[in-house]
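The structure appears right after this line, and notes come after that.
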Amino acid sequence: MSIKRVEVQKLKSGQYMMVDDEPCLIKSTERSKSGKHGHAKVRVVCVGLFDNNKRSLTIPSGHLTEVPEILKGSAQINFIEDAAINMMNLDTYESIDVEWPTEEDLVKKLKDLQADPSKLSASQVEYWNIAGKTIINRVILN
């Protein structure tokens, strides 16, 4: 798990940050002016990648926050179960177990593959490994 520290004021929407040990996608940032006795603050609204919870934070602009490193890869699906999906990394041949994604489009494609296992060998998935957790980002059907 690789995490770097970045000043809050340098973060923009579309980037990722760690909130309560959960990688989150930043939806918006809003910077307030510094007051008479205080520092400028940044209001960050973000959504968790794995739990889809919305989080709002107000952080002083000079503070450091954790930003996760995203390791991207492609894999072939070995088998699909009701609880998890087993896939093999195409570069390292490592076997990885992943939970079902939450996006409806990805779930539909994976259910179709589960119903017809003969298509598994011709399909691939793109996945992200973020903060020690793996998420399926795209399903490619050939």
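Nothing in this text is a laboratory measurement; each read-out follows from the coordinates by a stated rule. Computed from a prediction, not measured in an experiment: that's the story for all the values here. FYI the Cβ positions are ideal-geometry reconstructions off the backbone, even for glycines, and counts take in every protein chain you see.
Structural remarks
- Out-of-range pairs (alpha-carbon distance over 19 Å; input K54/K108; K12/K41; K12/K33): K54/K108
- Amide H contacts of E22: none lie under 5 Å away among residues 5 or more positions distant or on a separate chain (H built 1.01 Å from N in the peptide plane; Pro and chain starts excluded).
- Seen from a random direction on average, the alpha-carbon convex hull of the stretch 3-68 projects onto 4.1 square nanometres.
- Of [x] 140; [y] 109; [z] 152, the label for volume of the Cα convex hull per residue in Å³ derived from the coordinates: [y]
- Using the Karplus relation 6.51 cos²θ - 1.76 cosθ + 1.60 with θ = phi - 60°, the per-residue 3J(HN,Hα) values for the stretch 34-44 come to 6, x, 5, 10, x, 9, 5, 10, 10, 9, 10 Hz, with x marking Gly and Pro.
- Efficiency of FRET between S34 and E66 - r from beta-carbon atoms, R0 22 angstrom, step 0.05: 0.35
- Long-range amide H partners of K41 with built H, under 5 Å: S32, S61
- Residue-averaged [θ]222 nm for the chain, counting only DSSP H segments that reach four residues, each worth -39500 (n - 2.57): -2500 deg cm²/dmol
- Nearest 10 degrees, 0 to 90: helix 104-115 Cα axis against the chain principal axis: 20
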